[in-house]
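The values are calculated or read from the model by the stated rules, or taken from the named source; none is laboratory data. Just so it is clear, the model here is predicted, and its values are computed rather than measured. Every residue, glycine as well, gets a Cβ built from its backbone with ideal geometry; the counts of neighbours run over all protein chains shown.
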Amino acid sequence: MKQKTEQKKSLNQGGKNMTEEKSIDFFEYFIGPQHPGITGNFGVILNAVGDEIIKAQANPGYLHRAFEKLMEQRMYLQNVPLVCRICVPEPDVNEALYSMAIETLTGIEVPERAKYIRTIVLEMARLAAYLFYFGGTAATLGLYTLPNWSFGDRDYILDLFEELTGARIYHIYMQPGGVRRDLPKDFTKKLYSLLQTLKKRIKEYDGIFFDAALFKKRTKGVGVINKDMAIEYSVTGPNLRASGIAYDIRKDTPYLAYPDINFNVITENEGDFYSRVMVRRREFEEDIKILEQLIDKLPSGEVWNRYPMPLNWKVEKGDVYVKVESTKGEYGYYVVSDGSEKPRRIHVRGPSMTHGIMLLEKLLKGQRIADISPIMFSLDICPPDIDR
Amino acid sequence: MAWNDILKPLSGWKFLFKKPHTIRYPKEDKIPSERYRGIHTNMIDKCIGCGSCEKICMNQAITMKEMDVEVKEGTTNLRPVVDHGRCCYCGLCVDICPTGSLWLSRDYRHLSEDIDTFIIDPNVKEKEREGWQKAPEFSLIPPERGKMEEIPPEKRVKSFMEVFVGYTEPIAKEEAQRCLGCGLCVDACATHMHIPDYLKAIREGNNEEAVRIMFKNNPLSEICGTVCTHFCENVCPVGIIGEPVAIQWEKEFATRTIEDYKKIIDTTIKEKKERVAVVGAGPAGLSFAFYLRLKGYKIDVFEKYEKPGGMMLLGIPSYRLPRKVIEKEIKFITSTGVKIHTGTQIGKKKTFKELLKKYSAVFVATGNTKPYTMGIPGEEGKDTLQAISFLYDVNTGKKIDLKGKKVLVVGGGNVAMDAIRTSRRLGADVYLSYRRREVDMPADELERKEAKEEGIEFMIQTLPIEVIREKGKIKAVKYVPTDMDFSEKGKRPKPVPRMNDVRTLEVDIIIEAIGQGPDLTYLEQEFGESLKIEKGKPVVDKNLMCSIKGLFFGGDMANKQNDIVSAVADGRRAAEGVHNYLQNK
Amino acid sequence: MSDFITRLKNITGLNIHKEKLYQASLKVDKEKIRKTLLDLKKEGFLQFTTLTCIDWIEEKTFQLVYHLWHREEKLHLKVKIDIDRDAPIVETVSDIYIVAQTYEREVKEMFGVDFKGNKRLIPFILEDWNEIPPMRRDFNTREYVKDMYETEDRTEEIFKPRWKKYD
């Protein structure tokens, strides 16, 4: 606490000094850390004059679990159950990335069917995360019908996850070389019918939320990120596409089964709150199309190429950076191996690290207090991947 | 802004009277899916207590605790206890469990204010509420062992060349990775070689260290690497999933890479005054001599035959155990200062009593030299051979021609296998008669497979009842098929001959390989009643000393297993015993 | 991609190795890092992906890896520098790539590497931290947890060979 309190004290004093020098009265506010959005504990320290924010300072650290350090002390397979816990709304990208990194280092091939199953899991997770996002965004605006609907629909996806992987949130399903079990009976049928339901539901969401005048009025022109700013702040993912730059890792450097899939990269031009939500809203439909294609093209065969006995498994010396497109932006893993049973260093590059600190601070400046939560949530910041 | 957009949200009202899809009134329990990963359950009788679940657990949630269970061969009394406060329900423990006794059930609720109740003993007797369970094709243990190059059978039968090729370095390293490190093999091995330790050294590429570990328990490691009965592999839990770790071949590989043991093993000796005599330079005698010599005693080994090695040299054919391997190991043992007097039989000129006077202690390991016979009509004659004398003749270079002859070998042990394969190499057509089923055969599975490949006919569940002779020569054998009687539980099934179904087989030579016992004639003559004998074997205490002070017994003549590795173990144990005896004298 | 790497080599005079998965790596001296990144940014590496620090304690160095991404040429470039572990100071790049500021803050906190010129090296995640930077290899997590929370560590017990009783 000491250092933090000192820092906070100095902030307060800074306030006083500034008041004296420039004779502006401002208040210091602490937003968070008790779940300012719905994604995790994260704080923002604000200096505000009246309702206008003059300075914002992100204050992460409330979810620090030292995962990177822990991973250095565990055998390679033991990290598989750990990595998914880095991001709660969309855990599967972590599993996929970790497995991909180990596969690249060791040269284990992934069977074609396993690639498709992984892609299905990733896309399902994307749908679930977007439903989470829609609900969260609506809730930050005070519209509580949509969260009730979308969280309920998300549970249908979680039911399917439970059937496939044995768990609802932390699936621990992918492992180096493939996946841990084959698809259960009738899984693709159930998934297909769920997709049809979701297609109908998203239209109903339009009615109460996305097309609603209230939503449009409230969000257009709020928290604008223009093209230049997006590039300057290394923005990735849907946030970047909302600023008019058509860049999607699935398209540009395709991984897993994405090379075989046809889909469009969705962009919006305004770069404001509304665009960021609508990019995701339109991608939701695109993802349903991707999943339908995956179900059609799913090949048969093996789903796992085995690795050596995990207790004595040594991974070849080397380093590799792998990345995937998550709902929040570019998710990357940098794995360094020194040839022993345990990884030398695993660095997790969460998208929120860039979006959640520098970009957020910049965006909040000049905004009003009521807009903090919506802006923060529109960027889809996931504090657990900042802290790790 | 269209007017439509203002009215659209009203469409939400149409759901007002619809049934909610997540919250259910009255409350219904959700039934978890078939793969659900809930609270642990473990079949206590199926579990072997290897502790792999404890090792793979990343949260140290599993503790192996000693429990009141029956300890069979290849199991321990340890069973997992799970702390569900630490468990993350990943199911890695289930995927690595070799037996499939552990699974995650579909129970997911446990509520209590007491933290201690979260430490759950998952052990049950019967299967229940299975959720995430073992799937053989997704087991984390690779089921197949490293492939070894094989010589084709047509080529093998032509000569007595070595049939065993051995591992190459990359395959040996890969194979050593399959070890779970449970140590059940150490319990099963008669010499308790520290197998997981030397496998670790092998996979790290440190063969010297591996050999050093081996020689702590077994000075005939390379011989055991070639011809051991490998009880270690029989209990290896990896064998439940697929093929057990090739412990024997790993041992052979590591010892083969070392040319001179003297260079890597520390054999500095602090000399002592006492002298100890050993009778019989077989595996027991040699290992005894080695370990006692390392303790500083002066050792004299007396061997009846011209070369040391005992049954290893005279009983085992050279295609199975190359002579250079025996020579290499004996050379190392003699290099420590052990003196071997060959061609000296104790009991005839020199007596045991003389030895006992001259030496502080005497270790006798003369092995099983007296073969058993079937005791059926017409059995006796020149053309009824005893397997061990037959093998002795072949191994000492006596010319025996069996070309075109029909040979019947009776028995199912490794000696029988040696007899059939040796006869085959000498050009005979060979039949093997065994009275039980093939799975009951004491012979090694690999030996059986290779013998069949070499064109030997296995007559399983048959029993010879009479030998028909014509002018003193064998013409045919009468035999009957047998049925299996499983009434005695826990024992091998009893063969019951079907006496009304007599068949005949024309043969020229019969070789009997139905076991052998120790020859105690000289000992009985000398010591008479004062030497206690039970079931044809001398009675020994835990130090392997018999009823006569200073006289120790070991090897085949004193133990039940009758194999090399038990003999080596006896030798080591007797060395400790003699040391204790002389220290406390 | 290969063409681009050759072009890049010609322009900047840097020794770039091509690797798997759209990746290339490059090792430069600690002093040249600012110049290199400025050159690369001019060449179109606009996205600063992340900054990783690796503690090679045996060689007494920290390796800093700057990950850059070129969107048009699809090249992920890892720029590596080695710095002395006993005097870990390096010049900041936070004025070249704005987001590098956060990453440098994190490396400073987790490894104790100082970035000269970074205006905001204030505490980031940790609170009340008096020990050595926690991501360094010589920081023992198990001991720390043992002292801090009085928990038991059973690692040795779990991997203790059962067969020592036969010695």
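Here is how the numbers come out for the structure above:
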| item | result |
| --- | --- |
| The stretch A:213-231, subset touching a residue at least 60 places away in the same chain (Cβ under 8 Å) and touching a helix residue (DSSP H, G or I) at 6+ places or on another chain (Cβ under 6 Å), residue surrounded by the fewest Cβ atoms within 10 Å (Cβ to Cβ) | A:VAL222 |
| Tally, over the stretch C:8-47, of residues that are of a type in the set (Gly, Ala, Ser), within 13 Å of another protein chain (Cβ to nearest Cβ) and outside any strand (DSSP E or B) | 1 |
| Any hit, the stretch B:448-466, residues being of a type outside the set (Asp, Glu), touching a Pro at 6+ places or on another chain (Cβ under 9 Å), over 28 Å from B:LYS158 (Cβ atoms) and not in a strand (DSSP E or B) | yes |
| Pair list, Cβ under 7 Å, 6 or more apart: the stretch B:309-324 residue assigned to a helix (DSSP H, G or I), other residue of a type in the set (Phe, Trp, Tyr) | B:LEU314/B:TYR305; B:LEU314/B:TYR392 |
| Answer residue from the stretch B:437-446, given it is in contact (Cβ under 8 Å) with a residue 40 or more places away in the chain and either of a type in the set (Asp, Glu) or within 20 Å of B:PHE231 (Cβ to Cβ) (or both) and is surrounded by the most Cβ atoms within 10 Å (Cβ to Cβ) among those | B:ASP444 |
| Subset of the stretch C:46-66 [among the charged types (D, E, K, R) and either crowded, with 22+ Cβ neighbours inside 10 Å or closer than 17 Å to C:ALA100 by Cβ (or both)] | C:ASP55 |
| Residue selected from the stretch B:261-277 under the condition in contact with a helix residue (DSSP H, G or I) (Cβ under 8 Å, 6 or more places away or on another chain) and in a loop (DSSP other than H, G, I, E, B), by the criterion surrounded by the fewest Cβ atoms within 10 Å (Cβ to Cβ) | B:ILE269 |
| Residue check, A:TYR156 surrounded by 22 or more Cβ atoms within 10 Å (Cβ to Cβ), of a type outside the set (Lys, Arg) and part of a helix (DSSP H, G or I) | no |
| In the stretch A:310-357, the residues that are free of Cβ contacts under 8 Å to residues at least 60 places away in the same chain, surrounded by 22 or more Cβ atoms within 10 Å (Cβ to Cβ) and more than 8 Å from chain C (Cβ to nearest Cβ) | A:SER352 |
| Residues that are in contact with a Ser or Thr (Cβ under 8 Å, 6 or more places away or on another chain), within 13 Å of chain C (Cβ to nearest Cβ) and either in contact (Cβ under 8 Å) with a residue 40 or more places away in the chain or surrounded by 23 or more Cβ atoms within 10 Å (Cβ to Cβ) (or both), drawn from the stretch A:232-248 | A:TYR233, A:SER234, A:VAL235, A:THR236, A:GLY237, A:ARG241 |
| Which listed residue, of A:LEU360, A:LEU298, is touching a strand residue (DSSP E or B) at 6+ places or on another chain (Cβ under 7 Å) and more than 9 Å from every other protein chain (Cβ to nearest Cβ) | A:LEU360 |
| Pick from the stretch B:342-363, criterion at pLDDT below 85 and closer than 16 Å to B:PRO308 by Cβ, ranking: surrounded by the fewest Cβ atoms within 10 Å (Cβ to Cβ) | B:GLY343 |
| Given (1) more than 8 Å from chain A (Cβ to nearest Cβ); (2) under 30 Å from A:LYS251 (Cα atoms); (3) part of a helix (DSSP H, G or I), index of the condition C:ILE96 fails | (3) |
| Index of the failed condition, B:GLU175 passing every other in (1) over 17 Å from B:THR226 (Cβ atoms); (2) within 14 Å of chain A (Cβ to nearest Cβ) | (1) |
| Selection within the stretch B:454-486 - in contact with a Lys or Arg (Cβ under 8 Å, 6 or more places away or on another chain), among the charged types (D, E, K, R) and over 11 Å from B:MET417 (Cβ atoms) | B:GLU466, B:ARG469, B:LYS475, B:LYS478, B:ASP483, B:ASP485 |
| Subset of the stretch C:101-131 [among the β-branched types (Val, Ile, Thr), within 7 Å of chain A (Cβ to nearest Cβ) and not in a loop (DSSP other than H, G, I, E, B)] | C:THR102 |
| Considering residues of the stretch A:96-114 that are assigned to a loop (DSSP other than H, G, I, E, B) and in contact with a strand residue (DSSP E or B) (Cβ under 7 Å, 6 or more places away or on another chain) only, the residue surrounded by the most Cβ atoms within 10 Å (Cβ to Cβ) | A:VAL110 |
| Test: A:ILE372 is among the β-branched types (Val, Ile, Thr), away from chain C (no Cβ under 13 Å) and either more than 30 Å from A:GLU103 (Cα to Cα) or surrounded by 24 or more Cβ atoms within 10 Å (Cβ to Cβ) (or both) | yes |
| Residue list for the stretch B:88-115, restricted to those being among the charged types (D, E, K, R), over 18 Å from A:ILE172 (Cα atoms) and at pLDDT 85 or above | B:GLU113, B:ASP114 |
| Test for A:PRO310: is it in contact with a strand residue (DSSP E or B) (Cβ under 7 Å, 6 or more places away or on another chain), on the phi < 0 side of the Ramachandran plot and not hydrophobic (A, V, I, L, M, F, W, C) | no |
| Restricting the stretch A:166-205 to residues that are without any contact (Cβ under 8 Å) to a residue 24 or more places away in the chain and at the interface with chain B (Cβ under 10 Å from one of its Cβ atoms), the residue that is farthest from B:LYS30 (Cα to Cα) | A:LYS203 |
| Any hit, the stretch C:67-86, residues being over 28 Å from C:THR6 (Cα atoms), surrounded by 19 or more Cβ atoms within 10 Å (Cβ to Cβ) and within 11 Å of chain A (Cβ to nearest Cβ) | no |
| Unique residue being under 16 Å from B:SER318 (Cα atoms) and surrounded by fewer than 21 Cβ atoms within 10 Å (Cβ to Cβ) when the list is B:LYS399, B:LYS452, B:LYS403, B:LYS370 | B:LYS399 |
| Top-ranked residue in the stretch C:132-164 [being facing another protein chain (nearest Cβ under 9 Å) and of a type in the set (D, E, K, R); ranked as surrounded by the fewest Cβ atoms within 10 Å (Cβ to Cβ)] | C:GLU152 |
| Positions within the stretch B:19-52 being within 29 Å of A:ASN148 (Cβ to Cβ), within 11 Å of another protein chain (Cβ to nearest Cβ) and surrounded by fewer than 19 Cβ atoms within 10 Å (Cβ to Cβ), in sequence order | B:PRO20, B:HIS21, B:THR22, B:ILE23, B:LYS30, B:ILE31 |
